Each structure stands twice: as structure tokens, then as C-alpha cells.
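Everything on this sheet refers to the single structure shown next.
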Amino acid sequence: MSQKDRLTCYHCGLEMSEDEAVWFDDKPFCCNGCKTVYEILNQNKLSKYYKINHAPGIKTDQIDEQIKQKYAYLDDPDIEEKLLEFDDGTTKVVNFYIPNIHCSSCIWVLENLDKLNENISHSEVNFPTKNVRITYKASQINLRQIVEILAAIAYPPLISLEDLDRDKKHSNKKLLYQLAIAGFAFGNIMLMSLPEYIQGHGFWIEKFAPLFRWLMLVLSLPVVFYAARDYFESAIKGLQKRIVNVDILIALGISVLFLRSCYEVISHTGTGYFDSLTGLVFFLLLGKYFQRITYDYLSFERDYKSYFPIAVTKIEQGVEKIVRIKNIIPGDRIIIRNEEIIPVDSVLMHNDALIDYSFVTGESLPVQKKIGDKLLAGGKQKGSYIEIEAVSNVDNSYLTKLWGREAFLDDALPNIKSLTDKISHYFTFVILSIALLAGIYWWISSGFSIAIWVVTAVLIVACPCALALSAPFAFGNILRKFGYHHFYLKNAQVIEALSQIDTIVFDKTGTLTRQDKYQIQYHGQALSSQQIAIIKTMTKVSNHPLSRLIYENMPHTKTVQFDEIKEITGQGIQAQIAGQIYKIGSARFVGLTEVAEATEVYFEANGQIIGRYIFEANYRQGLKKLFHILQSKYDLYILSGDNSSEKKALEALLPPKVSYFFNQSVHDKMDFIQNLQEQGRKVMMIGDGLNDAGALQQANVGIALSENTNVFTPSSDGILKADKLMQLPDFLKVSKQTKNIIYMSFVIAFFYNIIGLAFAVTNHLTPIVAAILMPISSISIVIFVTLLTNLISKILINRKL
């Protein structure tokens, strides 16, 4: 068929041949599922969905009664209660994550759900997070019906076990409140301080100065006792653990500023330093909020519960019943349908299974299982339904035991000491020594009262404003810049850790290779047009992943009509036409005894092998150049749960310095990284699946690679979008450059401190000097690190690899 004869699905845009199309309303569809969605939207006057964007839909399976059965567990009141955001008995509100949201048409149709069902009052889409918030009438429609409506139009929500186990997530607005209070107080105190700084003396100043000073004291109270509370708590915890962190200096500086300012106001001896105090807290909180934005956007603490469903179908006395997976006990008989997750360790009882363990063990291709074989939790069934018998409950399954290993415990994570804390350790003792020496000098020369005045002045001006602000603003800005380029880091400490990395470990399947993508090469006799049509028709009827890959890679041709065709699960397909017998399948299926290490599918006609299809991993574009850049600065390793069939291909593609380790289990990967760390290495692990979760946790930095940053990724320190992997050297270089910028800002901060200390130790520090010097130092440091981090991120990240 020529290029011009090819059609595209009116709903999802998938290309197809004319004979493959399903026609309805003079429009071609690739499957009955897309046709059904079109019918639903058209019947409810929502056809504008197709006018906003061309072919905006997502390809979906055929809509049938299985949808209603699939979501039957939502009738459980306990499950419904945990999923709802609001329920007053009359109106209910639920917030769903919908991965299929991808364009303006999606937003439009999801915000017009009330046209599909009048009992839906309102729906609102949050496009960046792919969430839809739905308000509905509790007496007229239930949660299950809402989900069935979404599934029917190909926008099924992702509802996982994690949604039930997690407490209802309330937005943490404490930091925002603290920032607002500090900002409000800082702005008003600056305004009230300004007249006294500018004029100094005069009738109106002397008349109203006491009132303004008391107002400033009152405004500072919520700043000290609420907005700055976290710094005091952190300082106390640091002292309890005998750790000198920067929060000790901050808490000391705030305390001295506040106490001395209160003394000056109460004793009528001065205006105090309330503007410097509130300004310091405001800028500190602003830096913390800057970093919080990225963390709140994504979830970095995901485990197997994010991957598991809420409920499954259980067979009880011959009757199918929906039960929560937490209620499964050993001996329960469970039905697992196509694309469903096996929730517990079990034994296969009915029908042969084809299990995809790629996300759990790293095996790139599905594994054939027969009746009586043991199945591990986390595998995904491919093909027809199977029945299994549980041999454990969820809490004792393979994946749960994996999460119980030491690497997943917070206390076991590698300790990355903050760059600021390292500096503050020495800075604290230096400042305290200067304060002590200055106090002794002035006590001897001018008396105790002057000595106390000088000591407090030293502690005020040496409060580490610039020191404490440089790292949060530098790292916060880089977090934001990385986020623009789809590299989302958990916190500032990850950037510090990235700058120290000397070893990089890569997972193979799904990380170096493109998920569900293989290079298919045909070796053998040239195929006739008739044989091509036979192979395409045979593979079309199979659900086996290799059959689907062959089918999708065959040229467009008309199908043939067989007299007989059957699939032997796990072996291959046999068909008969006009007395001719054709087979396509494994080596053993066509009578070969020697089995190659590579993944191969053979085609046989009347007992003669015509040829074979060889499947090779499709490695990401630019991989060779990436490894050549990295090898000069890092030791590189590749770990894989697959066998070594791809080793030769990798050795031909990558530099000779790369080391390879195959047949690596989940525990093997964790132990490998731990061994490297025991040798003093700083290790970064890059992986994509649950099989990498332990290694990601064990490593100094664990980066989860994801084709879509909103879908499930294992617990990690960062999430990198897959198409940005080739920019990894840039991200690492920016991390190191950011650390250098912070060192430069520390030099500037020390310069300001030297000037301030010169005023303080000579007893010349006045409120006006502190009010000028401290904000200037803070603001200039913020501007300096922001401009330089903007510059290096623009130069490096925009550079072509």
C-alpha cells in the first residue's frame, strides 16, 4: 500500500491501512475502543473535542462490561471515604490523577463532564499535575459511576494502593504562612524605622518614636516565635546531637538581635534592630520556599504501593467478588486479567501465563509460566486471564520484603553533610572567639556594660545572613533551572552530592534502552508478498509481545484467510491454508534443539525454516557520545537483570572502560553499590524500575529515569525525563559550578562580616549601620548567586551535547 493510501484514526491519530480501519460515521478508527469513545462524545454534544486539536485522543482498549467489573471495589464505603476530599452528605469532591491528560482537548472534555452526566456539578483540571477535581451530587451518582464515565471516554484515573495507605494529603501551608508573616512585619518595620534613620531628631520624631518602637517590637514577636521557630528547633536538635550546623548561628543571631532590641526599646536607649531581624528571617524563609516548589511538584518517596491496585477479583465458592488486596490471605483464589498486576506471591492454577517482570526484576521480555509455577508479586500478566492462588499476603510478598531491606530505611541513607554546615562549623567558633576577645578588651578598658554592648554588636553583625542565604538561593535557582529541563531533584543536598560523584552505575533495560522498543532484523530467504501477508495475519491474532512487535514492523498489506489457526501459548502460532502448514514461534516450536542466547522468532513453511527475526534492544540515540564524555571523569558500570546476550552489542557501542554485569538481581544491585561505597566511591545510580529501587536508595545519588515524569517511578533523589539523559554531563557540570559559586559567595559574605566586625569591635555599630550593612549583604549575595547560576545553567544546559 502506498503512503497516500494510509489512514489515521480520527480519535487517536494512529496510522493504519484501509483494511484495518473500523468505519463509523464516515470516519476511520483504529479499533472499536476509539470508535466507542467517539460515539459517547458525539452523543453528548462534545464533538468540539476533535476541533480543538487534531486526533487528540488516546488509543484505548475496547469499552465493554469489564470496565464495570474492574471498578466494583469503589462501592466499598471505606475505600470511597479514603479517596474523597470532601463529603457533607449532599455534595462530594474527589481528586483523580489521570495520566492520559496531554493537550487542550483533554482539558476541555474533562471540564465538561457535566454534559456527560448532569449529576456532575463541576470539574476542574490541573494540567501540570494531570489531576482533575470533580464535584458531584452524592444522592444521584456514586464514585464508581464517576470513574466508569472517565474510563469510558479513555481517561481512566490511576488509583493505587498508596492512595489508601497514605493519610489524606493536606497542603502544607505552614511555610507560606511563616513567609507572609515575616514579609508583612519586615515591610512595615522598615517603613516605621525609616523616618528615625533619615531625620534622627525633631518634634514629630521625638513625639512618635516611642510608639513606633513599641509597634516594631510587637510586630517582631510573631516573626521570632512563629516564623523563625523551625531554626530554633533545628539548632536545639543539632546541639543535642553535638552537631554545629548553620541553624545554631541563625538562632543565636536572631536571639541576640531580638533581646538587644527589646532592651533598647524598654530602656528608651535606642530603636533596636527589628528591621534587620525581620529582614533576616524573611530572606531565609524565601530561600526555603524557593526550594520547596520543586519538591512539592513531584513525589520522590514512591514505593511498591504506588504501583499496586487497590482491589482484585477473588473467586469465593464459584462467585467472583471484588476484595481489597490487603484482605488477601494465603489460599485465596484470584483472577488476574490482561495488563493487571499480580499483587501477592502466588501459584498459577489456571491457564498458562505470560508475565512481564521488567519493572520488578529487569528482565526485558515477558516470562512464560505454566500451571503450578510460582509467580512473584509485581509481575504483569500479558494476554488472556489467569487464575492464581495466594501463598502469602501483601505484607509478606517479595516486593514488601525488598522494601524492608536496610537501604530503604532513612537512617541507612548516605549522609551528605551540608556545604553550609561545614563552613558554619568553623565560622561559629571564629565569631565566638572574636566576641569573647572583644568583650574582654572592652571590659578591661571601659567596664562591663560597654563590654556586653560590644559582644552583642559582634554577634548581631556577624549573624550569618549572607552565609545562610547563598546556598539556599543558589541551589534553589538551580533546582528551578533543572526542573525547566525536566530534571527534578529532591532537595539542595542532592546538588551537593552530584558535585561529589566519581562513579556512575547505569541500569540497562529501560534506562539505556527505550522501553518497549526493539530493533528487529530478518535473516533468511527473501519473503514473497504472500508470505509477508501470512506472517502479518498470523501475528495479528496473538497477544504475545514479540508477535505484536513483528506485526507492527511488517509492511502494510492485505490479510489472508486461514482454514485453521491456533496459538500454543509460550511456543508459537500454527496456521493452515490450502493444505499448507505455517509456523511462527520459538526455536523449539519449529524443531530446533540449539537455542541461541539472542531473542529469536522463526518462520517455517511446510517443515522448512524460511528465516528468523532477531530482536535486539533499541539503545537510546546519542548513547555512544554520552559515555565517551563521561568516561574521562567517572568510572562507569552497567548492571542488568537480563542475560549477557546484549554484551557484544554494548561493547561495540560503548568505550572499553565501561564494565558490565549481567543477571543481576535486585539484591545483587544493592550489594554492588554498597561494595563500591566501601571502597570510598561516591556513587550515582540511574535506573527506571522497581528492580532498581534498592540500588537507587543505596547510592549516594539515585536518579529515576522516566518516559513520563508524572507516572510511577521508584523512590529516588531525582527524576530525569528519559529524553534528557544525553544532557547528564551538563547537569553534573552545572552542579560542580554551582558549588564553586557558593564558595565565591562565602568570600563575599566574609568580606561583609569583616567590615561589620570592624564597626562592632570598635563600639561604633549603630542601628543605622546594621540596617544598611545587613540588608545590603543579604540582597547582594542573593543577586550574585542568582545571576551567576542563571548564567552557567544557560551556557551549559543550552549547549548541544
Compare the peptides 469-480, 207-218, 8-19, 778-789 by average per-residue count of other Cβ atoms within 10 angstrom and give them in order, highest first. 469-480, 778-789, 8-19, 207-218
Length gained if SER121 through ILE329 is fully extended, taking 0.36 nm per residue and subtracting the Cα-Cα distance, is 70.9 nm
So for the range 505-646, if I pair up every lysine 8 or more residues apart or on another chain, how many of those pairs have alpha-carbons under 16 Å apart? 11
With respect to the cross-link table entries LYS82/LYS490; LYS682/LYS794; LYS682/LYS736; LYS648/LYS682, which display a Cα-Cα separation exceeding 23 Å? LYS82/LYS490; LYS682/LYS794; LYS648/LYS682
State in Å² the accessible area per residue of the range 84-143; use a 1.4 Å probe, count heavy atoms of protein chains only, and round to the nearest integer. 45 Å²
Highest mean first, how do 521-530, 447-456, 226-235 rank when packing is the count of other Cβ atoms within 10 Å averaged over residues? 226-235, 447-456, 521-530
Please compute the modelled spin-label separation between GLN621 and LEU175, points set 7 Å along Cα→Cβ, answer in nm with one decimal. 3.7 nm
Give the calculated FRET efficiency between ILE440 and PHE86 to the nearest 0.05, with a Förster radius of 45 Å applied to their Cβ-Cβ distance. 0.10
The range 621-644 versus the range 208-276: alpha-carbon centroid distance in Å: 52 Å
Reported to the nearest 10 Å², ILE532 has, with a 1.4 Å probe, an accessible area equal to 40 Å²
So what's the net charge close to LYS92: Lys and Arg +1, Asp and Glu -1, counting the other residues with Cβ under 11 Å from its Cβ? -4
Mind ranking 276-284, 43-51, 670-678, 106-114 by how tightly packed they are, going by the mean number of other C-beta atoms within 10 angstrom, highest first? 276-284, 106-114, 670-678, 43-51
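The values are calculated or read from the model by the stated rules, or taken from the named source; none is laboratory data. Quick caveat: nothing in here was measured; it's all calculated off a predicted structure. Ideal geometry is used to build each Cβ from the backbone, glycine not excepted, and the neighbour counts take in all protein chains shown. Only protein heavy atoms, including side chains, enter the accessible area calculation; ligands, DNA and RNA are left aside. Shrake-Rupley method; radii C 1.70, N 1.55, O 1.52, S 1.80 Å.
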